[in-house]
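Read-outs throughout are calculated quantities, based only on the coordinates presented, and are distinct from any laboratory measurement. Model, not experiment: these values are computed from the prediction. Cβ coordinates were reconstructed from backbone atoms using ideal geometry, including for glycine residues, and neighbour counts include every protein chain displayed.
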Amino acid sequence: MARLHTCASLLIWTCLGAAVLSFASSLAWSAECKRKTAGFYLLETAAGASHRLSLSLQGITASLTGALGDPERGRELLINRQKGDCLSCHKLGMLATIADQGGVGPALDGIAQRYSEAQLRQILVEPKAYFPDTIMPTYYKVEEGGEAPILTAAELEDLVAYLKTLK
Amino acid sequence: MRPIFGWALILLTACALGGAFFVAAGEMRAYPPAEPANPLKFLMQGEDFLIPTLRAQQADDFDNPAFPLVEAGEAAWTRPETGAAKACQDCHGAGGRNAVKQAVASYPKYAPDVRGVISLETRINLCRKNHLGLDPLPGDDPRIIAMTAYLRWLARGSPSTVSVTGPNAEVFERGSRLFQTKLGRFQISCAQCHNEKFGQKYGADTISQGHPLAYPAFKSSEGRVITLHERFRMCNRLARAEGLPDDAPDYVALELYLGWRSKNLPITAPGVRP
């Protein structure tokens, strides 16, 4: 009986050990994935892109209009299919009444805890600074003689103001 | 029994069950592999991404809203249109012949008579003009959608057999490049969605691998049958880009590339789409 007991406890401890090990390795793996998709990856790959890198890590601190946006208008822009159309790709549990939310990008709940205001602004203006391979469009690209950006500077500030409330 | 044995038993059973499930899930469905040069490693039909009701609707010919068009196309194949002396059948024989099916699956293809790669729709229009003495039809005319739907239905079950060598090679390259080209205000390419994001939700719909096999297809949201080139235009609009007219050289090139990209999967037209 005692031997059986030892065998069983050995087995259980091995199982537990394996579980802990695999859990730890999955954590390490997901950290590696995050590192690769986030801008930090640029540190090693793009040595010459120091300006872009510092921009990407710091975000855009100054408001594009010099003023604060209106979160209420930002919420409408986020929903509007012809404007931000954020919910075609992102879920936002808070607005569960809005049907047909997509799942291409990460959920927006609690986004303000994960990114600073400056970083949120950077992601909306040019997400490829952080995530080089992202499918997310550049919402505010101003070119000489080019097309108008998808969102105006004021609209982009409204959206930043709304995202800041998603704590 | 000591409690520790109970726990051990539970753990072992869980492991065994999990393992069995893992094996079963892996063997439940084997997707056909793609050609070595294909960016897709395995191929999934458009139907795999549909909600069950739409899939059932497509599978049942009596329930499939695109079917009246197939029947109209069949009638047009056998009976001469007003103003024409003969019908398709008088030259080609019965529609169900193997030669007809094989020809349908090989479009877009190089046509020596016009020295260019043409779509099935263009071939139908050339036939109308040169052999039946009828006016060519615009791409959204119900008669040409009906004929295309009928012919594609005949080819159901066989894979696309487009050629990508010889006179087709250049057009294939063009289609392949177009698939990778970022366009529109969103600067999104076909490949970004249909190579990398298939299976993920865009709004209410699941992004597919982008195979052309179910077209012409009944588009539920529009309540009508749309052609492949109209689907291209819809995709263009999603990227907030300008669409092109039917049978634009770029669209024919893209159609040819997609035909090659879908090889090993069967044609399933006429399909039902959300």
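Quick notes
- Per-peptide average of other Cβ atoms within 10 Å, ordering B:37-46, A:149-158 highest first: A:149-158, B:37-46
- The loop-placed GluC sites (Glu not before Pro) in region B:155-246, going by DSSP, that have at most 12 neighbouring Cβ atoms within 10 Å of their Cβ come out as B:222, B:242.
- Lysines with Cα under 27 Å of residue B:219, excluding same-chain neighbours fewer than 8 positions away: A:83, A:91, B:101, B:109, B:182, B:197, B:201, B:263
- Tilt relative to chain B, helix B:249-261 - C-alpha long axis, 0 to 90 degrees, to 10: 40
- Computed from the C-beta positions of residue A:76 and residue A:21, the FRET efficiency with R₀ = 60 Å rounds to 0.75.
- Over chain B: helical MRE at 222 nm, DSSP H runs n ≥ 4 each giving -39500 (n - 2.57), nearest 500: -13500 deg cm²/dmol
- Global geometry of the protein assembly as shown, whether rounded, prolate or oblate, following the gyration tensor of its Cα atoms and the 1.5 cut on a/c: oblate
- Value in Å of the Kirkwood radius, where region B:20-154 supplies the Cα pairs that are averaged: 17.7
- The three principal axes of the C-alpha atoms in region B:46-273 carry coordinate ranges of 50, 41, 30 Å, sorted with the longest axis first.
- Sites residue A:100 and residue B:196 - FRET efficiency at Förster radius 30 Å, r taken between beta-carbons, to 0.05: 0.90
- For region A:59-164, fraction of C-alpha pairs farther apart than 25 Å, in %: 13
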